[in-house]
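The values are calculated or read from the model by the stated rules, or taken from the named source; none is laboratory data. It should be emphasised that the depicted structure is a prediction, and the values quoted were computed from it without experimental measurement. For neighbour counting, all protein chains shown are included, and Cβ atoms are generated from backbone atoms with ideal geometry for every residue, glycine included.
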């Protein structure tokens with residue numbers, strides 16, 4: 001069987017499983033999730049053993065320390081993964097939810113009702129836990145998942161997949177609802193990206209190289225974000241104490257996540273008062289490199305020179321660029337020019353400035369007086385997320401179970417014919 | 001300037017206009033629509049004169065009578081077009097609508113707010129009125145439109161476009177918010193379909209050839225339906241009088257629209273009682289060719305033989321295929337195998353059968369005791385539609401102004417940082 005035939009067979013069986021899953025009641029899906037979580041807990045030793053094979057191969061291959069850490073599964077991490085799957089069972093079922101109801105003058109009652117999207121392809125790199133997290137969320141929303149993890153985690157992911165399938169079987173649902181591409185052949189990824197007959201949407205999870213490849217090659221819709229070049233704008237009317245706490249959190253809580261602030265914009269009227277204390281607080285919190293424009297450097301020592309490139313860079317590190325802006329207009333303009341439509345924030349007590357910023361900034365999430373690090377499905381009350389999307393089609397912002405659904409119109413009549 | 005440069009310049013100016021339009025208040029957009037409608041009414045003579053040029057060229061080119069009729073603009077039709085544009089001004093503004101509000105335990109208030117999609121490409125064939133209808137709906141939802149009409153209607157569409165742009169200018173909005181591809185070169189269509197930097201979604205309006213080309217070549221999302229192979233299933237528990245009225249309407253009210261019924265399925269228990277009267281009623285209403293399976297032909301004279309191909313054919317004509325089914329399962333299975341995910345109907349007084357049909361049939365619209373001809377944005381209360389989509393991404397079913405929006409999350413804090 002050629003690789004293309006293998007992939008088509010995979011897609012076909014996923015499509016069939018998706019149909020069964022789309023009709024499964026909430027209780028049955030939750031039973032599968034609970035059973036999968038139990039299987040993961042029961043098989044900690046197997047997962048650790050498989051992970052050791054992956055870790056050894058990774059070490060021999062010369063993977064970086066950071067990559068090996070992402071690959072590593074300890075018993076604690078495995079239990080956390082099981083708990084994550086179990087917690088998805090607790091979420092509201094998005095399928096069948098009435099999104100809108102209209103009663104027409106002719107008596108037709110039109111309901112817009114959520115239905116599953118279908119088959120979701122998830123392409124990820126070294127983190128083997130995505131196997132459980134992403135599959136659980138797809139299953140919750142009644143979708144089938146086709147997983148394609150990195151070759152580095154092939155053995156670890158394999159055992160986790162077995163646990164997910166055990167859960168499905170235990171609830172009398174088709175194991176084909178969660179499958180993986182059975183080869184580490186990179187060509188299979190290209191095929192998955194073009195299988196529009198069998199795959200409804202692709203969610204890539206990983207580094208910029210992966211996302212770029214997926215965005216370029218995919219012939220099916222993609223939920224993704226390439227960058228998180230997020231700004232915090234400290235307005236003339238900001239509470240500077242609040243602003244200091246927020247920018248330290250937005251930059252330093254975790255520097256490697258997509259919701260981290262990468263550029264701070266400061267209104268010129270408060271720059272002299274705010275910047276010295278903000279820089280001190282950021283440095284104290286461990287921010288190693290602060291890169292400012294000329295005006296910033298004229299006000300604060302210990303700030304290196306930002307170049308044009310800095311405004312377009314996602315550091316994902318203890319690095320921050322700083323620019324002093326003339327006014328709100330320049331701040332909005334900077335954000336819309338250099339931002340990546342992910343998460344932007346304004347700190348101000350001026351309601352009209354906040355409203356303008358939130359209206360005019362083109363981003364999935366626009367915060368007022370809060371840290372950009374809140375850009376997360378869990379923090380938004382979605383319970384879990386499969387990723388964050390910056391596109392405008394279908395899902396924007398955190399992608400939770402509800403965003404993994406489509407809808408249909410269910411119309412009740414009493415014999416109406418159209419005049 | 002190369003054609004590609006021309007198209008890029010067009011896309012760039014549309015993107016800039018879309019930004020302006022996205023921030024325009026409802027009143028200003030409505031003012032533009034009202035002024036555009038007035039301009040169309042005022043320039044009836046100009047539009048008729050331009051249309052005469054197109055009609056003469058079309059006649060010389062040998063266009064069919066049906067195509068010439070689609071191309072023709074009479075003063076009455078032009079006034080109806082103006083009224084259509086004016087009526088879009090009366091609709092609710094979808095932009096800025098709060099779709100969902102969440103208050104988090106930490107006090108963050110998260111609102112999901114509708115925003116425009118951006119730039120919408122509309123590719124259509126001979127009907128020049130699409131120039132006004134589609135542009136009006138895009139404008140209402142704060143989007144810029146790039147129009148690409150058929151070459152046959154180039155002169156007629158040109159004057160209508162001038163009216164739309166006059167309306168925009170009259171409301172102090174950029175005329176670039178509604179533009180058209182300035183050439184009839186077919187290559188330009190291919191470029192438009194791939195301009196993902198400047199075009200957010202494509203809406204094709206026209207025959208199957210056009211839709212197929214767009215679906216195959218597009219590298220940007222498409223809202224469309226290829227077929228409307230719609231079924232009406234007359235269940236064992238149907239009110240046969242109601243069923244007769246509904247199937248006659250679903251087939252014969254207008255045979256050429258995408259919501260017309262193409263196949264009738266009848267439960268075996270009522271076939272003997274229902275089919276003779278239904279066939280008689282359909283024939284009396286002008287249905288010229290009824291093609292039945294063997295069981296149907298055994299019950300009714302005057303029915304020709306359906307072949308396998310009939311179940312997959314959208315006639316768009318006074319032709320109907322008829323099949324007798326064993327039970328609800330077979331009906332659902334037939335619909336999911338041969339349907340085009342557009343509009344399906346069940347006629348029954350058995351609520352549980354209706355619920356099962358509506359849940360298990362995979363279609364944008366699933367009707368109970370009503371005619372499939374209600375598949376229309378106007379009938380759904382949307383006021384106007386730009387088309388009907390059968391995909392699962394973003395918009396499904398009638399695409400009105402609300403479906404031409406995306407959303408952003410607007411988050412209000414009081415200084416929250418993430419623990």
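Scanning segment A:146-164 for residues that are within 30 Å of residue A:97 (Cα to Cα), part of a helix (DSSP H, G or I) and touching a residue at least 60 places away in the same chain (Cβ under 8 Å) gives A:163, A:164. Only one of the numbered conditions (1) surrounded by 17 or more Cβ atoms within 10 Å (Cβ to Cβ); (2) under 18 Å from residue A:166 (Cβ atoms); (3) more than 14 Å from every other protein chain (Cβ to nearest Cβ) is not met by residue A:45, and that is (1). Against the numbered list (1) within 14 Å of another protein chain (Cβ to nearest Cβ); (2) modelled with pLDDT under 95; (3) touching a helix residue (DSSP H, G or I) at 6+ places or on another chain (Cβ under 7 Å), residue B:212 comes up short only at (3). As a summary of the residue check, residue A:173 satisfies the conditions (1) under 30 Å from residue A:38 (Cα atoms); (2) away from every other protein chain (no Cβ under 14 Å); (3) part of a strand (DSSP E or B) except for the one numbered (3). Scanning segment B:361-376 for residues that are more than 7 Å from every other protein chain (Cβ to nearest Cβ) and touching a helix residue (DSSP H, G or I) at 6+ places or on another chain (Cβ under 9 Å) yields B:361, B:362, B:372. Candidates in segment B:362-373 are the residues that are more than 23 Å from residue B:222 (Cα to Cα) and in contact (Cβ under 8 Å) with a residue 24 or more places away in the chain; of these, the one that is surrounded by the most Cβ atoms within 10 Å (Cβ to Cβ) is B:367. Does segment A:104-122 include one or more residues that are within 14 Å of chain B (Cβ to nearest Cβ), in contact (Cβ under 8 Å) with a residue 24 or more places away in the chain and at positive phi? Looking for residues that are within 14 Å of chain B (Cβ to nearest Cβ), in contact (Cβ under 8 Å) with a residue 24 or more places away in the chain and at positive phi, one finds at least one in segment A:104-122, hence yes. Residue B:248 falls short of the stated requirement of being in contact (Cβ under 8 Å) with a residue 60 or more places away in the chain and either closer than 30 Å to residue B:117 by Cα or within 14 Å of another protein chain (Cβ to nearest Cβ) (or both). Taking the condition under 23 Å from residue B:360 (Cβ atoms), in contact (Cβ under 8 Å) with a residue 60 or more places away in the chain, under 24 Å from the mean Cα position of the chain (by Cα) and in a helix (DSSP H, G or I), does residue A:17 pass? In short, no. For residue B:387, state whether it is surrounded by 22 or more Cβ atoms within 10 Å (Cβ to Cβ) and under 29 Å from residue B:231 (Cβ atoms). So residue B:387 passes the test. Name every residue in segment A:20-42 that is surrounded by 18 or more Cβ atoms within 10 Å (Cβ to Cβ) and within 14 Å of chain B (Cβ to nearest Cβ), in order of residue number. Result: A:21, A:22, A:24. Of the strands (runs of 3 or more DSSP E) that lie entirely inside segment B:50-145, those containing 1 or more residues that are farther than 30 Å from residue A:381 by Cβ span B:119-124. Here residue A:276 meets each of (1) farther than 27 Å from residue A:379 by Cα; (2) crowded, with 18+ Cβ neighbours inside 10 Å with one exception, condition (2). Summed over segment A:385-402, the residues that are assigned to a loop (DSSP other than H, G, I, E, B) and more than 7 Å from chain B (Cβ to nearest Cβ) give a count of 7. On the basis of being closer than 18 Å to residue A:47 by Cβ and surrounded by fewer than 23 Cβ atoms within 10 Å (Cβ to Cβ), does residue A:197 make the cut? In short, no. Answer yes or no as to whether residue A:307 is out of contact with any strand residue (DSSP E or B) (no Cβ under 6 Å at 6 or more places or on another chain), more than 30 Å from residue A:137 (Cα to Cα) and within 14 Å of chain B (Cβ to nearest Cβ). Answer is no for this residue.
Of all the criteria given as (1) farther than 12 Å from residue B:223 by Cβ; (2) at the interface with another protein chain (Cβ under 9 Å from one of its Cβ atoms), the one not satisfied by residue B:346 is (2).
What do you reckon, is residue A:406 over 18 Å from residue B:106 (Cα atoms) and more than 9 Å from every other protein chain (Cβ to nearest Cβ)?
no
Taken over segment A:251-277, residues that are within 14 Å of chain B (Cβ to nearest Cβ) and closer than 20 Å to residue A:334 by Cβ amount to 5. Taken over segment B:340-393, the residue count meeting the criterion of being within 22 Å of the chain's Cα centre (by Cα) and farther than 20 Å from residue A:117 by Cα is 21.
Take the residues in segment A:203-218 that are more than 11 Å from the chain's Cα centre (by Cα) and in a loop (DSSP other than H, G, I, E, B), then tell me which one is surrounded by the most Cβ atoms within 10 Å (Cβ to Cβ). Once the filter is applied, the top-ranked residue is A:218. Is there a residue in segment B:4-12 that is part of a helix (DSSP H, G or I), modelled with pLDDT of 95 or more and closer than 16 Å to residue B:127 by Cα? Within segment B:4-12 (the criterion being part of a helix (DSSP H, G or I), modelled with pLDDT of 95 or more and closer than 16 Å to residue B:127 by Cα), the answer is no, since none of the residues qualifies.
Residues in segment B:184-202 that are closer than 22 Å to residue B:126 by Cβ and more than 13 Å from chain A (Cβ to nearest Cβ): B:184, B:185, B:186, B:187, B:188, B:189, B:190, B:191, B:192.
Hey, does segment B:47-61 have a residue that's modelled with pLDDT of 95 or more and on the phi > 0 side of the Ramachandran plot? Within segment B:47-61, none of the residues are modelled with pLDDT of 95 or more and on the phi > 0 side of the Ramachandran plot.
Only residues that are closer than 19 Å to residue A:134 by Cα and touching a helix residue (DSSP H, G or I) at 6+ places or on another chain (Cβ under 8 Å) were counted in segment A:91-117, giving 7.
Residue-level check: of (1) in contact with a helix residue (DSSP H, G or I) (Cβ under 8 Å, 6 or more places away or on another chain); (2) in a loop (DSSP other than H, G, I, E, B); (3) more than 7 Å from chain B (Cβ to nearest Cβ), residue A:353 misses just (2). For segment B:403-415, state whether one or more residues are in a loop (DSSP other than H, G, I, E, B), surrounded by 19 or more Cβ atoms within 10 Å (Cβ to Cβ) and at negative phi. No - not one qualifying residue is present in segment B:403-415. In segment B:219-242, the qualifying residues are those that are surrounded by fewer than 24 Cβ atoms within 10 Å (Cβ to Cβ) and outside any loop (DSSP other than H, G, I, E, B), and the one that is nearest to the other protein chains (Cβ to nearest Cβ) is B:242.
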